[in-house]
Structure formats: C-alpha cells, structure tokens
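Reading through the structure tokens given below for one structure.
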C-alpha cells in the first residue's frame with residue numbers, strides 16, 4: 001500500500017522502534033524507505049551555528065549501520081541528514097517527504113528529551129499538522145515484528 005515511506009528519527013529507542021516499523025512496511029510493499037535525521041543547529045548567542053547535539057557523529061554512524069542492515073535485507077533505503085534550526089525539525093521532514101513524493105511519514109512519539117518536547121512541542125504532533133500525506137505515529141511501547149511464516153507485520157503494545 002505505501003511505496004514511498006519517510007521515517008523521521010533522532011536515534012532514540014522510540015525512534016528506532018518507529019524506524020524498524022517503517023522498514024518492515026517498506027519491505028512488505030517492496031517500497032522505498034527515506035530515513036531522515038535532522039541535525040538541529042543552535043541559532044542564538046555565542047554558540048550560533050553549533051550542533052545542538054554533541055554526539056551527532058555517533059548518531060550518523062548508527063544510522064549508516066541501520067541503513068546498511070536494511071539494504072542487506074533488500075530494502076531500498078536512502079539516508080537524509082539535513083540541517084535545520086532548533087524547532088524546525090517537522091518542517092524539514094515534511095519538505096523531504098514532499099520532495100520525494102512520500103505517501104507515508106513514520107515517527108516515534110517520544111524523542112531524546114521530554115523537557116525539550118514540552119518546550120518545543122512534539123515532532124510527531126507537528127508532523128500531523130504539517131504533512132500532506134498520512135502520518136503514522138508509533139507509540140512508545142509498540143514493537144513491530146515480522147511474522148516468520150508469511151512476513152506480515154504484527155505489533156505488540
């Protein structure tokens with residue numbers, strides 16, 4: 001059903017669950033998976049232009065490994081790592097979805113920082129308001145697994 005899937009990730013555990021879910025959907029439909037990790041830049045004060053996350057290189061290594069594993073499973077995958085100012089992640093993900101003709105955006109419901117989410121708002125929530133295609137928000141406790149017999153996606157929550 002969904003042939004062109006964008007998955008927003010911040011490399012947190014919840015984002016990894018959403019990414020696994022998106023990869024399984026792409027595999028089932030022989031579709032394309034676009035993995036999007038937006039690198040947030042601080043824009044004020046003496047630290048202007050510096051990465052908000054000091055571990056960005058570690059995130060990139062993890063994402064490249066995950067994408068390689070998906071590719072090894074026969075999933076067509078593209079990694080996107082654009083930069084955006086803090087608070088503009090959802091608009092950046094939406095732009096990439098539009099540019100690539102996505103018919104689904106997948107996102108986890110919790111990210112790296114609950115405090116940041118309270119101040120800036122949930123990326124998943126913003127995607128629901130901004131996206132021009134359906135958005136699948138994978139809950140915190142959701143686990144996607146493929147049924148070994150027929151390859152169908154099942155969830156446990």
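FYI, it's all coordinate maths here, none of it is from the lab. Just so it is clear, the structure is predicted and the values come from calculations on it, not from any experiment. All Cβ positions, even for glycine, are placed from backbone atoms using ideal geometry, and neighbour counts span all protein chains on display.
Okay, here's what the table says:
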item: Least to most buried among 78, 94 (fewest other Cβ within 10 Å first); result: 78, 94
item: Sorted by Cβ neighbour density within 10 Å, fewest at the top, the residues 59, 37, 140; result: 140, 59, 37
item: Exposure proxy order (Cβ contacts within 10 Å, fewest to most) of 17, 73; result: 73, 17
